[in-house]
Amino acid sequence: MSMKRYVNLNPSQLLVVIFVISISIGTFLLKLPFATYDSIKWVDALFISTSAMTVTGLATVDPGTTFTLFGQMIIAFLIQVGGLGIMSFAVLIFLVLGKKIGLKERLLIQHALNQTSVGGVIKLVKYLFLFSITIELMAMLFLSIRWVPQFGWSKGLFYSFFHSISAFNNAGFALWPDNLMQFVGDPLVNIVISVLFIIGGIGFVVLVDIWQKRSFKKLSLHTKLMIVGTFIMNLIAMVFLFCIEYHNPYTLGGLTFGEKLWASYFQAVSPRTAGFNTLDISQLDETSLFFIMILMFIGAGSGSTGGGIKLTTALVITLATISFLRGKNEVVVAKRTIPSSTIGKALAITMTSILFVILGILLLNITENQTPFLDLMFEVVSAFGTAGLSTGVTAGLTAIGKQMIIFTMFIGKLGPLTLMFSLATKSKDKIRYPQEEILTG
């Protein structure tokens, strides 16, 4: 590809190219002899690199026992870059070097951060780094209170550092084979890790809006929907899982009442793309697994470190449906009318996402026909929602199955519309045709 053609790529195409290059570099670094204790296959290096860059958390090998300190540092770096955005790091470098950031770069940042306008994107990136670094350092200090006495200074500080980055960026990578199951009743670990991925998943636009206005009445409609929607969804999820799993001897059944509350809370908020687990996911009731799939598909907030179709997308479609059923022509919430273009975009995102997930489940069921269907379905939805939760089938996937999950994680991070826009060519309609009704429903 010539430099001229590279420069002429639209933001969607350029974003895809940059992501592919970054994942490729990560794959090469993870395949280096001193990155692992024992050699791993190229497909596994590619899988971990993609999972880290897309902040998913699915893993075909155990990160804690497979990778050396160098390899784990590479994973942490990929998570940070993937979570905060490649273009955000590029902006930081430009600012440090005193370089001018042109309109094309601003358009690319706007696209990468899913903003509605170019204005203020550079300021948003500055706030993004300020919030991220501050929150991660604070979390690292809190976690070190728990882990330094347990593991010693060097290991305790590194584990605190690694899991702070992994949690804030909603990656879900942990350095223990059982993820965080050994801390199921630990208040400090539960609170710090969950607060990190909730803040990271609520969206940088929301954080900046709260920081600047500091009054609920003055907040934007997007921020209000995210705050209220996140609280309601998390509360419903916690109560649901607590009731369904209460007597399950393999999950909540053997825990004390206090541990049941902590486990229900953590496992309720984690599916929204965080990927950490304090319960054995493979032992959850099928009803709980299906409910978690819904949470993973919806995902976190727009412009956040998380994936999924995004909570606001689901809310817009829900509100539009309610308005239609009530016979209203406009969608009004909090004395604000949601534009029809926003409703159309939400519908397009949801439908293309459903099609990608269905196709992924269908294909994976063909290549992994010995694996239970529900486990495969869970794996695909988790990959698409960049959630990282698994019933334990990831390591046993065939080479083709791993590549399909890699592609699904890639689509889930960038978004199906970004990929489709990168392949499509824009054309303006020069002719308008008369309208005609068709029968629906």
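The values are calculated or read from the model by the stated rules, or taken from the named source; none is laboratory data. Model, not experiment: these values are computed from the prediction. No Cβ is skipped: glycine too gets one built from the backbone with ideal geometry, and neighbour counts run over all protein chains shown. The accessibility values were calculated without ligands, DNA or RNA, using every heavy atom of the protein model including side chains. Shrake-Rupley method; radii C 1.70, N 1.55, O 1.52, S 1.80 Å.
Of all residues in the stretch 142-153, those satisfying the criterion of being assigned to a helix (DSSP H, G or I) and loosely packed, with under 13 Cβ neighbours inside 10 Å are Ile145, Pro149, Gln150, Trp153. Enumerate the pairs (first residue in the stretch 261-277 and within 11 Å of Leu241 (Cα to Cα); second residue anywhere and open to solvent by 10 Å² or more (accessible area, probe 1.4 Å) and of a type in the set (Val, Ile, Thr)) with beta-carbon separation below 7 Å, excluding pairs fewer than 6 apart on the same chain, so at least 6 apart or on different chains. Hits for this filter: Ala263/Val184; Val269/Ile198.
Among residues of the stretch 323-349 that are in a helix (DSSP H, G or I), those with a beta-carbon under 6 Å from a residue that is small (Gly, Ala, Ser) and modelled with pLDDT of 85 or more at least six positions away or on a different chain give the pairs Ile343/Ala320. Taking the criterion of being outside any loop (DSSP other than H, G, I, E, B) and either under 17 Å from Phe290 (Cα atoms) or open to solvent by 70 Å² or more (accessible area, probe 1.4 Å) (or both), the residues of the stretch 244-261 that qualify are Ile244, Glu245, Phe257. Among the residues of the stretch 191-209, write down those that are modelled with pLDDT under 85 and either open to solvent by 30 Å² or more (accessible area, probe 1.4 Å) or farther than 24 Å from Met293 by Cβ (or both). Matches in the stretch 191-209: Phe204, Val205, Val206, Leu207, Val208, Asp209. Being of a type in the set (Ser, Thr, Tyr) and either surrounded by 14 or more Cβ atoms within 10 Å (Cβ to Cβ) or farther than 28 Å from Asp285 by Cβ (or both) is the requirement here; does Thr394 meet it? Criteria met by Thr394. Assessment of the stretch 272-292 against the conditions (open to solvent by 40 Å² or more (accessible area, probe 1.4 Å) and among the aliphatic types (A, V, I, L, M)) yields no matching residue.
Scoring Gln80 on the criteria (1) within 21 Å of Lys413 (Cβ to Cβ); (2) open to solvent by less than 10 Å² (accessible area, probe 1.4 Å); (3) touching a residue at least 24 places away in the same chain (Cβ under 8 Å) leaves a single failure, condition (2). Filter the stretch 154-190 for residues that are open to solvent by less than 10 Å² (accessible area, probe 1.4 Å) and farther than 28 Å from Met409 by Cβ and give the result. Scanning the stretch 154-190 gives a single hit, Gly156.
Residue pairs, Cβ under 9 Å, 6 or more apart or interchain, first in the stretch 220-241 and farther than 14 Å from Val208 by Cα and open to solvent by 40 Å² or more (accessible area, probe 1.4 Å), second assigned to a helix (DSSP H, G or I) and among the aliphatic types (A, V, I, L, M). List them. Pairs that qualify, where the first residue is farther than 14 Å from Val208 by Cα and open to solvent by 40 Å² or more (accessible area, probe 1.4 Å) and the partner is assigned to a helix (DSSP H, G or I) and among the aliphatic types (A, V, I, L, M), are Leu235/Ala268; Ile236/Ala268; Met238/Leu261; Met238/Ala268; Met238/Val269; Val239/Ala268; Phe240/Ala268. For the stretch 265-277, the criterion of being over 19 Å from Gln182 (Cα atoms) and charged (D, E, K, R) is met by at least one residue. Tell me yes or no: at least one residue of the stretch 223-231 is part of a loop (DSSP other than H, G, I, E, B) and in contact with a helix residue (DSSP H, G or I) (Cβ under 7 Å, 6 or more places away or on another chain). No, the conditions are met nowhere in the stretch 223-231. Of the residues making up the stretch 52-76, those that are surrounded by 21 or more Cβ atoms within 10 Å (Cβ to Cβ) and either part of a loop (DSSP other than H, G, I, E, B) or charged (D, E, K, R) (or both) are Thr54, Val55, Thr56, Gly57, Leu58, Ala59, Thr60. Residues of the stretch 181-196 include at least one that is in a loop (DSSP other than H, G, I, E, B) and within 23 Å of the chain's Cα centre (by Cα). Kindly indicate whether Thr440 is surrounded by 14 or more Cβ atoms within 10 Å (Cβ to Cβ), in a loop (DSSP other than H, G, I, E, B) and modelled with pLDDT under 90. Against the criterion (surrounded by 14 or more Cβ atoms within 10 Å (Cβ to Cβ), in a loop (DSSP other than H, G, I, E, B) and modelled with pLDDT under 90), Thr440 does not qualify. Looking only at residues in the stretch 179-219 that are touching a residue at least 60 places away in the same chain (Cβ under 8 Å) and of a type in the set (Gly, Ala, Ser), which one is farthest from Ile133 (Cα to Cα)? Looking at residues that are touching a residue at least 60 places away in the same chain (Cβ under 8 Å) and of a type in the set (Gly, Ala, Ser), I get Gly185. Among all positions in the stretch 313-334, there is at least one residue which is touching a strand residue (DSSP E or B) at 6+ places or on another chain (Cβ under 8 Å) and open to solvent by 60 Å² or more (accessible area, probe 1.4 Å). Of all residues in the stretch 1-51, which are at pLDDT 95 or above, open to solvent by less than 70 Å² (accessible area, probe 1.4 Å) and among the aromatic types (Phe, Trp, Tyr)? Selection gives Phe47 alone.
In the stretch 139-167, the residues that are over 12 Å from Leu188 (Cβ atoms) and in contact (Cβ under 8 Å) with a residue 12 or more places away in the chain reach residues that are assigned to a helix (DSSP H, G or I) and among the aromatic types (Phe, Trp, Tyr) with C-beta atoms within less than 6 angstrom, at least six apart or across chains, in these pairs: Met140/Phe161; Gly156/Trp147; Tyr159/Trp147; Ala167/Phe197. For the stretch 357-374, a residue qualifies if it is touching a residue at least 60 places away in the same chain (Cβ under 8 Å) and surrounded by fewer than 19 Cβ atoms within 10 Å (Cβ to Cβ), and exactly one does: Leu374.
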